[in-house]
Amino acid sequence: MPRKFNHGLDYDDDDYGDEYDDYDYDYDIDSDAEDNGNLPKPNQETDSSSIWRCSICTYDNDQSMTTCDICGVLRNPLPLSGISNGNDLKTASATVRKDNTSAPMSARFSNSSSLMMSKGSNVTGNENNQLKDEEHNLRSSAKSPGTLSSYHEGGVEHTLPMDEIKPPILARSLDSVSINDRGGTGKAASWGQYKPEKWMLPESEDGLLNQLNLAIVGHVDSGKSTLSGRLLHLLGRISQKEMHKHEKEAKLQGKGSFAYAWALDESPEERERGITMTVAVAYFDTKRYRVVVLDSPGHKDFVPNMISGATQADAALLVIDASIGSFEAGMDGSKGQTKEHAQLIRSFGVDQLIVAVNKMDVVEYSNDRFNLIKRQLGTFLRSSGFRDSSVLWIPLSAMENQNLVTAPSDVRLLSWYKGPYLLDAIDSLHPPTRDVLKPLVMPICDVIKSPTMNQVSACGKLEGGALRSGVKVLVMPSGDVGTVRSLERDSRPCAIARSGDNVAVVLQGIDTSKVIAGGVLCHPNFPISIAKHLELKVLILDGASPILIGSQLEFHIHHAKEAARVEKMVSLLDPKTGKVMKKAPRCLLAKQSAVIEVVLQGPVCAEEFSSCKALGRVSLRALGRTIAVGIVTRVIEKEP
Ligand code: GTP
Ligand code: MG
């Protein structure tokens, strides 16, 4: 049934030190305007006469520039001596880069403008219009009503996903890659040359449900696996016979209450310990989605595994144990995982969250308890960059099957809860936008080998491009080329996998030892970079111990993990504006934002966040806790 993948265990037992305080991020920027559906001005002038600051990416541009040198957003208002705010803007907009299709991915990291442009990759007006048309069609095929918003400026139509208009502050802080991302690999420009073949583009009437990768996260024992197992059973993905078997076996081991969890916790060790250790991947269908369930471990020792699963998420289900003392334990900064999971999920670009307040049976379906949890956790989520409008709160009981796939039957819950049940809430999520116009990128989360057939399968989620049998792929970091023999989705063959799909890719013609978890499948003509020396923009999380030059860290990027050393402290940034406050700081403290250089023990597949979000998001851990989240701003030295 479910497929398990393992990112490598982390048995650090150290406590987490200080408690996380709520972030003191402001929520000021145009939040009212957004709520009222008003669009922000793309750019604003700064006070300085020689520069103007882009309000999308905060880069300080020279006065001579009419578009932001970094993100390409049109300057507004335009300088008097420059082009006027009329039709001439069309000329300016002709600098939109071909690969401004990074926009679909930016929906996941909601603070990037879909007007993203790049320097040095100018295309002609005609090409640009064609590209815009293509992109527009693709995006509109994926959008849901109200997801996108357009505005006209100088005769140019700009389309902004609503959730990208006003970036939440944690994400915005990470995403203002304006300061030090010059002199990069130029990958964005070279990827701009890529032209997808016709079969790679989704056909609007192909009848397939949108895939939604849903990470199930939360503190240990909150009921994530039980809830996942229950849903799979209720939706017919686990037969009655299988369920009886789990019940019988769980009872025999004196763990009867874990019967549903056992549908996902398959290994003897997981069952013995009564905890999830590796991410289980399972599937169910709703009316709108083919949901890929990524059931994560909650125990703090297995956060690296949780990270590996959660990097694939389009949306997340944060499971809370409502019982007295348990919610509080999850929120505890030193031992609880609720806050850490929520922050990690947000740093991976996930901005749609369902909070499942589970075990409501234990608290007699109390409205007061639900409200207290909503109030306390809500404050933290808001401070971590989740918008109230993107968070859904569902009281439920996985054990008593209340409010999962139908409206609740318990009168205590019915008396005060009038909202959607869980399945409806999942269906109400916005469809994720996909990078179908970019070349293939598939980070490998798991490898299945069958030596007898000399066959190897790479499992993971396509973050760009498409695959079908017969296609050649470059397997990184080895650089070997293999051929796709077949594709499987949910253990069933499938003809084509496109960006967003979570699949197993059966490869042939390649040494099986060259395909490794943490590697990446990519297009042979568009290889991704391999590097040991990276520049990062990071946000130090609350409660983290100080970071100094020489600090030894655990570096996480997509499904890869490497030991890392802080090589250089480039600058300390204003977390709100992204502007350099101090060059070469000696020490970084909690809540600070900075640009640093790290040198890894071994090479990893990495790209600048501005060209590939999936390969450009990082998290740094030390002593068993996540101390910083960030993005790659520069690949300093590429491996040959
Ligand atoms: P980890 O993966 O190890 O973090 O745990 P988990 O979050 O997956 O929790 P799991 O599903 O393993 O459940 C832990 C315990 O909580 C089990 O004993 C479940 O029976 C119990 N449990 C789960 N949901 C409910 C619920 O709705 N009500 C009650 N009373 N118990 C529940
Ligand atoms: Mg579990």
Inset, instruction - Go through (1) surrounded by 23 or more Cβ atoms within 10 Å (Cβ to Cβ); (2) more than 15 Å from ligand 2 (Cβ to nearest atom); (3) assigned to a loop (DSSP other than H, G, I, E, B) and name the single condition S323 misses. - result: (1)
Inset, instruction - May I ask you to list pairs of residues, at least six apart or on different chains, whose Cβ atoms are under 7 Å apart, with the first in the stretch 213-226 being under 21 Å from R290 (Cβ atoms) and of a type in the set (S, T, N, Q) and the second being near ligand 1 (Cβ under 8 Å from one of its atoms) and part of a loop (DSSP other than H, G, I, E, B)? - result: S225/L264; S225/D265; S225/T276
Inset, instruction - Please work out which residue is nearest to C445 (Cα to Cα), limiting yourself to the stretch 282-301 and to residues that are buried (at least 24 other Cβ atoms within 10 Å of the Cβ) and hydrophobic (A, V, I, L, M, F, W, C). - result: L294
Inset, instruction - Go through the residues of the stretch 534-542 one by one and say whether even a single one is surrounded by fewer than 19 Cβ atoms within 10 Å (Cβ to Cβ) and part of a strand (DSSP E or B). - result: no
Inset, instruction - Please give the number of the condition E328 fails out of (1) surrounded by fewer than 23 Cβ atoms within 10 Å (Cβ to Cβ); (2) closer than 25 Å to R625 by Cα; (3) within 13 Å of ligand 1 (Cβ to nearest atom). - result: (3)
Inset, instruction - Go through (1) more than 16 Å from ligand 2 (Cβ to nearest atom); (2) basic (K, R); (3) assigned to a helix (DSSP H, G or I); (4) in contact (Cβ under 8 Å) with a residue 60 or more places away in the chain one by one and return the number of the condition K251 breaks. - result: (4)
Inset, instruction - Report yes if K472 is farther than 17 Å from A606 by Cα, in contact with a His (Cβ under 9 Å, 6 or more places away or on another chain) and not aliphatic (A, V, I, L, M), otherwise no. - result: yes
Inset, instruction - Return only the number of the condition from (1) within 16 Å of ligand 2 (Cβ to nearest atom); (2) within 20 Å of the chain's Cα centre (by Cα) that S389 does not satisfy. - result: (1)
Inset, instruction - Might you let me know whether the stretch 302-310 holds any residue that is of a type outside the set (V, I, T), buried (at least 19 other Cβ atoms within 10 Å of the Cβ), within 9 Å of ligand 1 (Cβ to nearest atom) and free of Cβ contacts under 8 Å to residues at least 12 places away in the same chain? - result: no
Legend entry - Residue identified as of a type in the set (A, V, I, L, M), more than 15 Å from A398 (Cβ to Cβ) and out of contact with any Lys or Arg (no Cβ under 8 Å at 6 or more places or on another chain) among L294, L234, L264: L294
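Each row is one residue, and each column tells you yes or no for (1) more than 8 Å from ligand 1 (Cβ to nearest atom); (2) over 27 Å from L423 (Cβ atoms).
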site: H246; (1), (2): yes, no
site: Q253; (1), (2): yes, yes
site: S257; (1), (2): no, no
site: L264; (1), (2): no, no
site: S267; (1), (2): yes, yes
site: E272; (1), (2): yes, yes
site: T278; (1), (2): yes, no
site: F284; (1), (2): yes, no
site: Y289; (1), (2): yes, no
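Residue by residue, here is whether (1) of a type in the set (A, V, I, L, M); (2) without any contact (Cβ under 8 Å) to a residue 40 or more places away in the chain holds:
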site: R387; (1), (2): no, no
site: S397; (1), (2): no, yes
site: E400; (1), (2): no, yes
site: L404; (1), (2): yes, no
site: D410; (1), (2): no, no
site: Y421; (1), (2): no, yes
site: K449; (1), (2): no, no
site: G464; (1), (2): no, no
Inset, instruction - Could you grab me the full set of residues in the stretch 598-624 that are farther than 16 Å from G518 by Cβ, open to solvent by 10 Å² or more (accessible area, probe 1.4 Å) and part of a strand (DSSP E or B)? - result: V599, A622
Legend entry - The one condition in (1) in a loop (DSSP other than H, G, I, E, B); (2) free of Cβ contacts under 8 Å to residues at least 60 places away in the same chain that I373 fails to fulfil: (1)
Legend entry - Of all residues in the stretch 429-447 being among the charged types (D, E, K, R) and touching a helix residue (DSSP H, G or I) at 6+ places or on another chain (Cβ under 8 Å), the one that is surrounded by the fewest Cβ atoms within 10 Å (Cβ to Cβ): K438
Legend entry - Inter-residue pairs, beta-carbon under 7 Å, first within 15 Å of L317 (Cα to Cα) and in the stretch 277-299, second more than 16 Å from ligand 2 (Cβ to nearest atom) and hydroxyl-bearing (S, T, Y), 6+ apart: V291/Y283; V292/Y283; V293/Y283
Legend entry - Which numbered condition A263 misses (of (1) buried (at least 23 other Cβ atoms within 10 Å of the Cβ); (2) modelled with pLDDT of 95 or more): (2)
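The values are calculated or read from the model by the stated rules, or taken from the named source; none is laboratory data. What you are looking at is a predicted structure, and each value in this text was computed from that prediction instead of being measured. Quick reminder, even Gly has a Cβ in these numbers, built from the backbone with ideal geometry, and neighbours come from all protein chains shown. Surface accessibility is based on the protein's heavy atoms, side chains included, excluding ligands, DNA and RNA. Shrake-Rupley method; radii C 1.70, N 1.55, O 1.52, S 1.80 Å.
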